[in-house]
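S.K.: Before anything else, here's the structure in question.
The values are calculated or read from the model by the stated rules, or taken from the named source; none is laboratory data. Every value quoted in this text rests on a predicted model; they were computed, and no experiment measured them. Neighbour counts run over all protein chains shown; Cβ positions are idealised from the backbone, glycine included. Note: accessible area is taken over every heavy atom of the protein model, side chains too, but ligands, DNA and RNA are not part of it. Shrake-Rupley method; radii C 1.70, N 1.55, O 1.52, S 1.80 Å.
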Amino acid sequence: MNIAEYALAFLGRPYIWGGDGSGRFHGGFDCSGLVVECLQAAGCLQGDHTAQGIYTALKEAGWGEVALPHVMANDILFFGKDTSHITHVAICCSSRGQYVEAGGGGSKCRSPETSTGMVRVRPLGSRRDLVAALCAP
């Protein structure tokens, strides 16, 4: 199972701020928690990271930049103002321009009852702040 397929297995899980999929967080994820879980399952990353930290760790591990029009399944997508100000991370899940993310929530989403988001699939064009994509070496 590749990174994108693994991420898709979590569709519908609630967005929980700070969530890493564990029982501590009602099984929910935030954006970085989902991506970290998937990268760790693939043996590509260790530790807990923010969206910015994931970008830095993958760059240091030799992951390459992908031209944004050419993203493919399993590429890691970064959103924000620029690569020094990344605020969201997701996983490209198809060559048709879709990605899987834990999104639609915020810092007030701390339980399934207060969650307004979930792990979901969205088209790349749904956000205008995609600043980088990285692929495995």
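S.K.: Semi-axes of the equivalent ellipsoid for the chain, please: Cα gyration tensor eigenvalues, times 5, square-rooted, ordered largest first, whole Å.
M.R.: 22, 15, 14
S.K.: Give the Debye-formula value of log10 I(q)/I(0) at each listed q (0.14, 0.18, 0.32 Å⁻¹), with one equal scatterer per alpha carbon of the stretch 1-51, two decimals each.
M.R.: With no solvent term, the Cα-only Debye profile gives -0.30, -0.49, -1.29.
S.K.: So for the pair VAL121, THR50, with labels modelled 7 Å out along Cα→Cβ, what separation do we get in nm?
M.R.: For the pair VAL121/THR50, the computed spacing is 3.1 nm.
S.K.: How much mean residue ellipticity at 222 nm does the chain get from its helices, if each DSSP H run of length 4 or more adds -39500 (n - 2.57) and you divide by all residues, to the nearest 500 deg cm²/dmol?
M.R.: About -5500 deg cm²/dmol.
S.K.: Once the Cα atoms of helix 51-60 and of the chain are each reduced to a long axis, what angle between those two axes, in degrees from 0 to 90 to the nearest 10, is obtained?
M.R.: 30 degrees
S.K.: Out of the total accessible area of the chain (probe 1.4 Å, heavy atoms of protein only), what percent is carbon and sulfur?
M.R.: 52 percent
S.K.: Show the residues, 5+ positions off or on another chain, whose built amide H is closer than 5 Å to the amide H of CYS109.
M.R.: Under 5 Å from the amide H of CYS109 lie the amide H atoms of TRP17, each far enough along the sequence or on another chain.
S.K.: Accessible area per residue, 1.4 Å probe, Å², for the chain: what's the number?
M.R.: 49 Å²
S.K.: Something else now. Which semi-axes, in whole Å and largest first, does the equivalent ellipsoid of the stretch 69-137 have when worked out from the alpha carbon gyration tensor as the square roots of 5 times its eigenvalues?
M.R.: 22, 14, 10
S.K.: Further question: Once phi is turned into ³J(HN,Hα) by the Karplus curve 6.51 cos²θ - 1.76 cosθ + 1.60 with θ = phi - 60°, what whole-Hz value does each residue of the stretch 129-137 show in order, with x for glycine and proline?
M.R.: Running phi through 6.51 cos²θ - 1.76 cosθ + 1.60 with θ = phi - 60° gives 10, 5, 10, 6, 9, 10, 10, 4, x Hz.
S.K.: Taking only Cα atoms and a 10 Å spring cutoff, compute GNM fluctuations for the chain and point out the largest among ASP20, ASP30, ASP48.
M.R.: Per the Cα network of the chain with a 10 Å cutoff, ASP48 tops the list.
S.K.: Determine the equivalent ellipsoid of the stretch 31-72 by diagonalising the alpha-carbon gyration tensor, then write out the semi-axes as square roots of 5 times the eigenvalues, largest first, rounded to whole Å.
M.R.: Equivalent ellipsoid semi-axes, largest first: 18, 11, 11 Å.
S.K.: Considering the chain as a Gaussian network with a 10 Å cut-off on Cα pairs, which listed residue, GLY117, GLY28, GLY104, attains the greatest mean-square fluctuation?
M.R.: Maximum fluctuation in the GNM of the chain, among the listed residues, is at GLY104.
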